[in-house]
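One structure is given below, encoded as structure tokens.
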Amino acid sequence: MPLPIAELHLHIEGTLEPELAFELAARNGVKLRYADTEELRKAYLFDDLQSFLNLYYELMAVLRTERDFEDLADAYLARAAAQGVRHAEIFFDPQAHIARGVAMGTVVEGLSRALGRSVDRHGVSTQLIMCFLRDEPAESAMATLEAARPYLDRITGIGLDSAEVGHPPAKFREVYEAAARLGLRRVAHAGEEGPPEYITEALDVLGVERIDHGLRCMEDEALVERLVRERVPLTLCPLSNVRLRTVDVLADHPLPAMLDAGLLCTVNSDDPAYFGGYAGDNYDAVRSALGLSEERLRELARNSFLASFLEHDEELRARCLAEVEAYEFG
Ligand code: ADE
Ligand code: ZN
């Protein structure tokens with residue numbers, strides 16, 4: 001039995017496996033510029049975040065109907081469940097779909113169908129976090145928040161993703177203020193490729209409760225002290241960092257140093273179809289590459305539930321935390 005974990009950094013569009021991409025392409029009459037899954041997989045060699053995002057946005061062309069989003073989420077939930085995920089806070093990128101003529105309702109209703117039966121079918125509780133594309137204008141983010149109003153009963157919070165450098169968090173101050181007034185939880189990617197200052201800005205200007213990635217905080221000692229003092233969770237994605245060349249090899253990942261510093265780290269998969277592994281695979285990889293002890297792995301799993309937005313179901317959080325403490329490693 002795998003270690004019970006919560007996944008807090010997962011882009012649902014990043015779970016599109018090549019096989020499903022071709023299946024949906026055939027279903028929707030969409031032509032991909034790859035002959036088959038083998039050729040597509042060969043394109044999964046990235047130089048940086050932007051080179052990945054180019055393919056990530058390109059392949060979204062196959063996602064057209066509610067059923068496509070439902071099938072995508074269902075496939076992710078099955079894989080996540082098999083790897084110990086008990087609770088998943090799932091990002092989605094509505095602007096990338098709306099720009100292609102796929103309505104917010106199609107995306108949310110489709111995802112909701114899979115998420116609505118996830119506890120029964122997969123034993124995974126779920127939440128949705130709507131991300132804004134930071135390389136699009138703030139006005140577009142605000143319009144997207146407006147478009148999401150009819151669906152806010154299904155959306156727990158907002159996030160900020162896509163190309164980071166040159167798009168500091170403060171650009172989205174008004175959108176985050178509006179989201180806070182609507183009672184939405186707030187997170188943002190910061191310090192993945194961008195500088196430590198973006199992490200500080202996300203906290204101070206956007207009022208975020210968690211930092212997605214946050215890796216580059218390690219360049220600023222005072223910032224690390226602050227993150228430790230304020231118990232700000234970081235949603236790290238080790239396999240993603242290697243594939244996007246933020247870290248040369250997994251053995252060099254700063255996760256052990258971050259845990260030693262007292263940071264509230266969690267381990268997640270980001271875009272598992274593209275980066276070579278789901279949440280449990282990320283735990284396995286850091287365990288072997290970094291020699292993390294069983295107690296360190298238990299700490300990561302514990303942190304994932306502590307950092308989750310499970311305030312509406314403290315019973316589940318307590319049950320999962322108890323399972324983490326009782327877990328016997330194989
Ligand atoms: N969108 C999907 N994955 C992302 C990542 N790792 N960073 C920024 N935006 C993303
Ligand atoms: Zn991400």
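As a summary of the residue check, ALA285 satisfies the conditions (1) over 21 Å from ALA88 (Cβ atoms); (2) open to solvent by 10 Å² or more (accessible area, probe 1.4 Å) except for the one numbered (1). Restricting attention to the range 162-191, the residues that are out of contact with any Lys or Arg (no Cβ under 7 Å at 6 or more places or on another chain) and assigned to a strand (DSSP E or B) add up to 5. Cβ separations smaller than 8 Å between residues 6+ apart or across chains give the following pairs from the range 232-245 residues that are closer than 11 Å to GLY276 by Cβ to residues that are more than 10 Å from ligand 1 (Cβ to nearest atom) and part of a strand (DSSP E or B): PRO238/VAL267.
Condition check: open to solvent by 30 Å² or more (accessible area, probe 1.4 Å) and touching a Gly at 6+ places or on another chain (Cβ under 6 Å). Does ARG117 satisfy that? Judged against the criteria, ARG117 is not a match. A count restricted to the range 195-222 and to residues that are within 15 Å of GLU164 (Cα to Cα) and open to solvent by 40 Å² or more (accessible area, probe 1.4 Å) stands at 4.
Between LEU152, LEU128, LEU145, which is buried (at least 18 other Cβ atoms within 10 Å of the Cβ), part of a helix (DSSP H, G or I) and either out of contact with any Pro (no Cβ under 8 Å at 6 or more places or on another chain) or at pLDDT below 95 (or both)? So the residue among LEU152, LEU128, LEU145 that is buried (at least 18 other Cβ atoms within 10 Å of the Cβ), part of a helix (DSSP H, G or I) and either out of contact with any Pro (no Cβ under 8 Å at 6 or more places or on another chain) or at pLDDT below 95 (or both) is LEU145.
If a residue must be buried (at least 16 other Cβ atoms within 10 Å of the Cβ) and free of Cβ contacts under 8 Å to residues at least 40 places away in the same chain, how many such residues does the range 249-260 contain? Matching residues across the range 249-260 total 3. Meeting the requirement of 2 or more residues that are closer than 18 Å to ASP47 by Cα and within 14 Å of ligand 1 (Cβ to nearest atom), the helices (runs of 4 or more DSSP H) wholly within the range 192-255 are 238-243. Within the span defined as the range 39-58, every residue fails to be away from ligand 2 (no atom under 16 Å from the Cβ) and closer than 28 Å to SER125 by Cβ. Which of the residues that make up the range 1-56 are farther than 17 Å from ALA273 by Cα and polar (S, T, N, Q)? Matches in the range 1-56: ASN28 only. Each residue in the range 277-317 was checked for being at positive phi and either part of a helix (DSSP H, G or I) or in contact (Cβ under 8 Å) with a residue 40 or more places away in the chain (or both), and 0 pass. Checking each residue in the range 176-194 for being among the small types (Gly, Ala, Ser) and open to solvent by 10 Å² or more (accessible area, probe 1.4 Å) picks out ALA178, ALA180, GLY183.
The values are calculated or read from the model by the stated rules, or taken from the named source; none is laboratory data. Keep in mind that this is a model prediction, so the values were computed, not measured. Cβ sites come from the backbone with ideal geometry, for glycine too, and all protein chains shown count toward neighbours. Accessible surface is based on the protein model in full, side chains and every heavy atom, while ligands, DNA and RNA are left aside. Shrake-Rupley method; radii C 1.70, N 1.55, O 1.52, S 1.80 Å.
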